[in-house]
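These notes concern the structure reproduced below.
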Amino acid sequence: FPNYLRTLYLTSPTHQTICDGVAQLATGEGIHVVDPDKNPISNKWINENFPKETIKSLITDLKIYGYCAIQIYGGSKCKYSPAIKYLFDTKDDNGNINYVWFSENWEEYSQRKNRPVKLPIYQEGTDDELSIMIIQLDKKSYDYYSPVDYHGAINYIHLESEIAKFHLANIKNGLFPSFVITFIGNEFSDEQMNKIETDINKKFG
């Protein structure tokens, strides 16, 4: 499903523009701690771990996929990681998702360099060498992935990309129409057939 959403983003110009615009507007000038004296999170830590471009990348993933991912080292050092590289592990007996799977390329995960790695989901207070924080939109009763906020428009987004492919194919074929005309129950002489072909070329050529 994330790969399908990525394809929609890359092939629909309208959808791509909206997603990029939302990310740009939501990012603004980045994050700033209003009262650093009273807040345990300092501006220095924010700027080191979440500079403006990182915030923009996280919001873009959240918009496109409905979730984004942050790698957390030793429970404190944070680093952005593309959401498309993570898939959720199955739930445990209590209905909780405790792990995610990471691969550099899920479309070719059978290759050795893309072999999936199981990583724990970040829990407050953890000191794991590496854990993954997943930020999701409201799941709306879904078990794993959150429905994206444009879920109702997915078919129309897909339609736009298919229309572009259709017209591109027409141009590549010299704008010739693709159809077959079948005459049933009639026999024509060569002269009549030539005239019919000439008339069709005049009308559609």
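Points to keep in mind about this one:
- Against the test of being touching a residue at least 40 places away in the same chain (Cβ under 8 Å) and open to solvent by less than 60 Å² (accessible area, probe 1.4 Å), the options Gly28, Gly75 yield a single qualifying residue, Gly75.
- Residues that are hydrophobic (A, V, I, L, M, F, W, C) and either touching a Phe, Trp or Tyr at 6+ places or on another chain (Cβ under 6 Å) or modelled with pLDDT of 85 or more (or both), drawn from region 189-205: Met193, Ile196
Conditions (1) touching a residue at least 40 places away in the same chain (Cβ under 8 Å); (2) assigned to a loop (DSSP other than H, G, I, E, B); (3) closer than 30 Å to Lys77 by Cβ, marked per residue:
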position	(1), (2), (3)
Lys118	no, no, yes
Glu124	no, yes, yes
Ser131	yes, no, yes
Glu162	no, no, no
His167	no, no, no
Gly174	no, yes, no
Glu187	no, yes, no
Ile200	no, no, no
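- Options Ile70, Ile97, Ile59: the member that is in a helix (DSSP H, G or I), of a type in the set (A, V, I, L, M, F, W, C) and open to solvent by less than 70 Å² (accessible area, probe 1.4 Å): Ile59
- Pairs where the first residue, in region 46-69, is closer than 16 Å to Gln24 by Cβ and the second is at pLDDT below 90 and open to solvent by less than 40 Å² (accessible area, probe 1.4 Å), C-beta under 7 Å, 6+ apart: Pro51/Gly30; Lys52/Gly30; Ile55/Gly30
- Residues satisfying the stated conditions in region 36-56, i.e. modelled with pLDDT under 80 and exposed (fewer than 13 other Cβ atoms within 10 Å of the Cβ): Asp37, Lys38, Asn39, Pro40, Ile41, Ser42
- When region 124-145 is filtered for residues that are within 22 Å of Pro82 (Cβ to Cβ), more than 19 Å from the chain's Cα centre (by Cα) and open to solvent by 100 Å² or more (accessible area, probe 1.4 Å), only Glu129 remains.
- Cross-chain or 6+ apart pairs with Cβ under 7 Å, region 4-22 first and more than 12 Å from Ser161 (Cα to Cα) and open to solvent by 50 Å² or more (accessible area, probe 1.4 Å), then part of a helix (DSSP H, G or I) and of a type outside the set (Phe, Trp, Tyr): Arg6/Ile64; Arg6/Ile84; Val22/Lys63
- Taking region 171-181 as the range and being modelled with pLDDT of 75 or more, open to solvent by 100 Å² or more (accessible area, probe 1.4 Å) and not basic (Lys, Arg) as the test, the residues that pass are Ile171, Val180.
The values are calculated or read from the model by the stated rules, or taken from the named source; none is laboratory data. Everything quoted here is computed from the prediction, not taken from an experiment. Cβ coordinates were reconstructed from backbone atoms using ideal geometry, including for glycine residues, and neighbour counts include every protein chain displayed. Heads up: the accessible areas ignore ligands, DNA and RNA and are worked out on the full protein's heavy atoms, side chains in. Shrake-Rupley method; radii C 1.70, N 1.55, O 1.52, S 1.80 Å.
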